[in-house]
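A.B. asks: One structure is given below, represented as structure tokens, and several questions about it will come after.
The values are calculated or read from the model by the stated rules, or taken from the named source; none is laboratory data. Given the structure is predicted, the values throughout are model-derived calculations rather than measurements. We place every Cβ from the backbone using ideal geometry, glycine too, and count neighbours over all the protein chains shown. Heavy atoms of the whole protein, side chains included, go into the accessibility calculation; ligands, DNA and RNA do not. Shrake-Rupley method; radii C 1.70, N 1.55, O 1.52, S 1.80 Å.
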Amino acid sequence: ITIEYPKEKFEDHIFVIDCWIDTESKENSLIKLIKNLKTFNIPILLTGHYPVKPEIQKMVDYFLYDKNNPILLKDEFSLYGVGSGRWTDTNEYKIDNSYLFHHDYAIWEAMRNSFNFCKYLNKKYIHFLEYDNLPNQFQYKQSFLERIENFDAIIYQYTNDSNSDLDSYCSTYIFSIKTDLSVKLIDTYKSKYEYFANKPRGY
């Protein structure tokens, strides 16, 4: 059952979808998410560093495209103090899989662009999702949409206390936040170097 909500219920809210749509599979995921979110009658802002088909742009209310894509390339890792990758280790062998790049700061910049635009639109509450999310409609409404007015932000934790000072790690692919706070926080890092370098426990 799909329920369509009246516009006035969430009139101060906006969805922000970050995307990089370079394959048909990713495009299909984005379209599913947009269709899912449209039932809430909340404006949708699509943002990213990769062009999106006009047909998809017409499905949303706003599209912010920034051709500057400030990824961190592998040959820059040592300059920024970044050491990261994935590995498999058994008794018999170890396989290291190094990343060719990190797109984290590029997403940070997409957030900066979109959060400031939400502020310009006078929206009070931002619901941020990466394009490949497909949340359960009722669970998402109860956990994020209906609760954000009572909190500064609502985040998804991987484990208990994963957003604490001791283990400051939580997911940023789905969260809700008050717009004023989002604009303030996004200015914490204003360059790729500030974002990656000089972290107490490394990147």
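A.B. asks: Would you mind getting me the FRET efficiency between residue 55 and residue 194? Use the beta-carbon distance for r and R0 = 35 Å, nearest 0.05. Please list the in-between numbers first.
C.D. replies: Numbers: r = 38 Å, r/R0 = 1.08.
Using R0 = 35 Å, I get an efficiency of 0.40.
A.B. asks: Here's something else I'd like to know. Count the net charge of all other residues whose Cβ sits under 15 Å from the Cβ of residue 22, scoring Lys and Arg as +1 and Asp and Glu as -1. Don't skip to the end; give the middle numbers.
C.D. replies: On the way: positive: 26, 53, 67; negative: 18, 24, 27, 130, 132.
Taking every Cβ under 15 Å from that of residue 22, the sum is -2.
A.B. asks: Another one. Could you tally the net charge around residue 33, taking each other residue with its Cβ under 14 Å from the Cβ of residue 33, Lys/Arg +1 and Asp/Glu -1? Walk me through the intermediate numbers first.
C.D. replies: Numbers: positive: 26, 32, 35, 38; negative: 18, 27, 130, 132.
My count for the surroundings of residue 33 gives 0.
A.B. asks: Quick one: order 149, 109 from most to least accessible surface, probe 1.4 Å. Write out the running numbers ahead of the final one.
C.D. replies: Values: 149 95, 109 35 Å².
Putting 149, 109 in descending order of accessible area: 149, 109.
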